[in-house]
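A short write-up of the structure that comes next.
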Amino acid sequence: MDTTNLLEVSNLSVDFETDQGLVHAVRDISFSLKPGEILGIVGESGSGKSVSMYAIMGLLAANGRIGGGKITFDGDDISRGAFPSEKAYLHHMNHIRGNKMAMVFQDPMTFLNPLQTIERQITEPLLNHTSMTRAQAHERALELMVQVGIPSPEKRIHQYPHQFSGGMRQRIIIAIALANNPKLLIADEPTTALDVTIQAQILELIRDLTRKSGTSTIMITHDLGVVACLCDRILIMYGGKIMEAGTDREIFYSPNHPYTRGLLSCINNPEAEEKELVPIPGSPPDLLKPPMGCPFVDRCEQAMKICKVRMPDITHLSDTHSSSCWCNEVLRRQAVAQTAAEKNREGGRA
Amino acid sequence: MNGGHYVEISHLDVIYDVTKGVFSPKQLVHAVNDVSFTIEAGETFGLVGESGCGKSSLGRAIVGINKPRSGDIRINGQDVTHLHGRSLHDFRREVQMIFQDPYASLNPRMTIGEILSEPMVIHGLHRSPGAREERVTELLRTVGLKPDHVRRYPHEFSGGQRQRISIARTLAVNPRFIICDEPISALDVSIQAQIINLLKQIQKERNIAYLFIAHDIGMVKHISDRIGVMYLGHLVEVGDSSEVYFHPLHPYTKALLSAIPISDPDVGKSRKRIILEGEIPSPLNPPAGCPFSTRCPLADEACRRMPKMQQFGSHQVACHHVNQSV
């Protein structure tokens, strides 16, 4: 393992038992995260982006289970398999969550407890994970509220969630998440429920706070604009698989996978020259019976016979850029054939 | 026709009574406040603004779901605010609406065939069952669905397909004006483009006027000929869509535009944002004077008076400080 990575996920799979059968929500994904990096995970609903993060945090719903894979966080193996019992696993995860890793959810109202004051909710992770006294935790809570930009914290700390607006509630959640200076912050669509001007405030806040504290961030979103403005590196997920991974510039300026290219051509960049939107035809696959091959095959213009039956291997296009598409294999073989032909020709001449 | 405009809205006010209990003091929300604009036949007018700015209330007032408190709505020269009986029935044929949530706007107990024939039955179009069936098939084709979907129920369709069914339902009565209230915001990115292209294609073929309500100003700019920006019940700026987008004049429009995350890392990461302080004031007690004055970086004494809508080039703007930069 590369010791410089904060988080390393290899071959993670997650399944859900439902009335209709087993849903393979995440299938064999691998990625890593460096300290201080902001990673964006982009995908449409049902692509498995949130579920994979819940699996890492140990927060899967009761009918979900990790089908396999290894998760290494900050040097420790935190996959379920690394623990002798469910109890030991939960105990360990309770120790890490809210402490070394924290999560910001999409809907702040369901995350906050409506019956507890903000003070109680911000100090909870402090009292649980550190040896702070109540008075110290109160001080720290006020400090956090200033950091996330909540005006008149002395007064507002005694209020209840319903007395705050949506944007303010999201700030409170961020304050709770950052209470113990986590090494990893996972933000699951943190701005989707907010208005654009409030979204800009919250994104700015996440960027500033994580840059200052060196926290690594994983940003889950369906909004390509948000990742472009915030993230260093991007994973594109579809049908429970990672289709393409790369730096922000690689994904936006030289996308390799047909799905990524499709996504980019069906969003409107209002700054650019007015162009016709090119939608991706069809709709995402049913993960009750996931396709044998590439999940994108039914919507892909370049689909070949092999795409239907086998998932392509990952092609590394650069140190940071990788993509799973059979087209790359075709190109590779053509290149090999061409060099062979050239060699032959040279050989013939000599 | 009145002055040549297809839709003419003048000084429209929509007020909701939100008084709780019998003895509490009366509480009114001024959801739409003195709004005037026009839409031409076959044109798309985009209405943007954040949640609670009154854009949906305005749309609903135009179709007659909400009764406006005062003001005029003229469609095709006819005042439609006081319609009832037969004339209201006929008006509904001309103006239709597409709703945001395709899961809530289709009756789960009706088949797609029934959903699409219902408006024809109500309006007495295509009276024979055979003719109606033919028309339903044609509608399904228009919106890109298969004719054998007729016997299925809404739950068998995805969000994008349901939105196509909603569109087909509005087209059943051959309207000339469709109000689209956030028609794409519940859909995935790759599906949004499908619906936008479908709406554009239908408009081209049938010369339908759209009032396109959305909070995604990028998409609104893409589909609209003209844009109106709303804030706290007021229309603050109106103009040609690329004109408003590239040369906004109202400080709120400027802030709203700079807040959009642009899907281009070099532009998105480097550009300067105007981050607005604070939040939208409660519509229960709006600020006196200019509604934006509590968050506006340019606000001063003059802003305690309500600014009038004024013409600046091709825009109309309601601001005392149009020529100052933010």
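Rounded to the nearest 10 degrees, the inclination of helix A:326-349 to the longest alpha-carbon principal axis of chain A is 40 degrees. When only Cα pairs below 8 angstrom with a gap of at least 6 residues are kept, the stretch A:1-138 shows a relative contact order of 22 percent.
Computed over neighbours whose Cβ is under 14 Å from that of A:Gly36, the net charge equals +2, Lys and Arg +1, Asp and Glu -1.
The distance separating the Cα centre of the stretch B:187-262 from that of the stretch A:185-234 comes to 24 Å. Taking a ≥ b ≥ c as the square roots of the eigenvalues of the Cα gyration tensor, an a/c ratio of 1.5 or more together with a/b larger than b/c marks the stretch A:1-76 as prolate. Please state the relative contact order of chain A as a whole percent: Cα pairs under 8 Å, 6+ residues apart? Relative contact order for chain A comes out at 19 percent. Once a ≥ b ≥ c are taken as the square roots of the eigenvalues of the Cα gyration tensor of the stretch B:7-317, is the result rounded (a/c under 1.5), prolate (a/b larger than b/c) or oblate (a/b not larger than b/c)? Cα axes put the stretch B:7-317 in the prolate bin. In whole Å, how far is the Cα centre of the stretch A:262-339 from that of the stretch A:1-64? Rounded to whole Å, the Cα centres lie 21 Å apart. If you count Lys pairs in the stretch B:7-317 whose Cα atoms are under 28 Å apart, skipping same-chain pairs closer than 8 places in sequence, the total is 24. With neighbours defined as other Cβ atoms within 10 Å of a residue's Cβ, the residues A:Asp74, B:Asp266, B:Asp17, A:Asp15 order from fewest to most as B:Asp17, B:Asp266, A:Asp74, A:Asp15.
Computed from Cα atoms, the angle from the helix B:85-94 axis to the main principal axis of chain B rounds to 80 degrees. As a proxy for reagent exposure, A:Lys100, A:Lys49, A:Lys241 were ordered by neighbouring Cβ count within 10 angstrom, fewest first; the result is A:Lys100, A:Lys241, A:Lys49.
Partner lysines whose Cα lies under 20 Å from the Cα of A:Lys308, excluding those fewer than 8 positions away in the same chain, are identified as A:Lys241, A:Lys289.
Relative to the longest principal axis of the Cα atoms of chain A, the long axis of helix A:196-213 makes an angle of roughly 90 degrees. Going from the fewest other Cβ atoms within 10 Å to the most, the residues B:Val173, A:Val26, B:Val14 appear in the order B:Val173, B:Val14, A:Val26. How high is the FRET efficiency between B:Asp17 and B:Tyr153 when r is their beta carbon distance and R₀ equals 30 Å, given to the nearest 0.05? Using R0 = 30 Å, I get an efficiency of 0.20.
Pull out a ≥ b ≥ c, the square roots of the eigenvalues of the alpha-carbon gyration tensor of the protein assembly as shown, then state rounded if a/c is under 1.5, prolate if not and a/b is larger than b/c, and oblate in the remaining case. It is oblate, given that a/c is not under 1.5 and a/b is not larger than b/c. Once backbone amide H atoms are built at 1.01 Å from N, B:Thr44 has B:Tyr210, B:Asp225, B:Arg226 as its partners under 5 Å, excluding neighbours fewer than 5 places away on the same chain. Residue by residue, the stretch B:99-116 carries 3J(HN,Hα) couplings of 9, 5, 9, x, 7, 9, 9, 10, 5, x, 9, 9, 6, 4, x, 5, 4, 7 Hz when phi is fed to the Karplus relation 6.51 cos²θ - 1.76 cosθ + 1.60 (θ = phi - 60°); x denotes Gly or Pro. Close amide H pairs (under 5 Å, H built 1.01 Å from N) link A:Ile218 with A:Leu39, A:Leu185, A:Ile186, A:Ala187, residues at least 5 positions away or on another chain. Here the sum of -39500 (n - 2.57) over DSSP H runs of 4 or more residues, divided by the residues of the protein assembly as shown, equals -10500 deg cm²/dmol at 222 nm, to the nearest 500.
Every number here is computed from the coordinates shown, using simple stated rules; none is lab data. Keep in mind the model is a prediction, meaning the values are calculated, not measured. In this analysis, Cβ positions are derived from the backbone assuming ideal geometry, glycine residues included, and neighbour counts consider all displayed protein chains.
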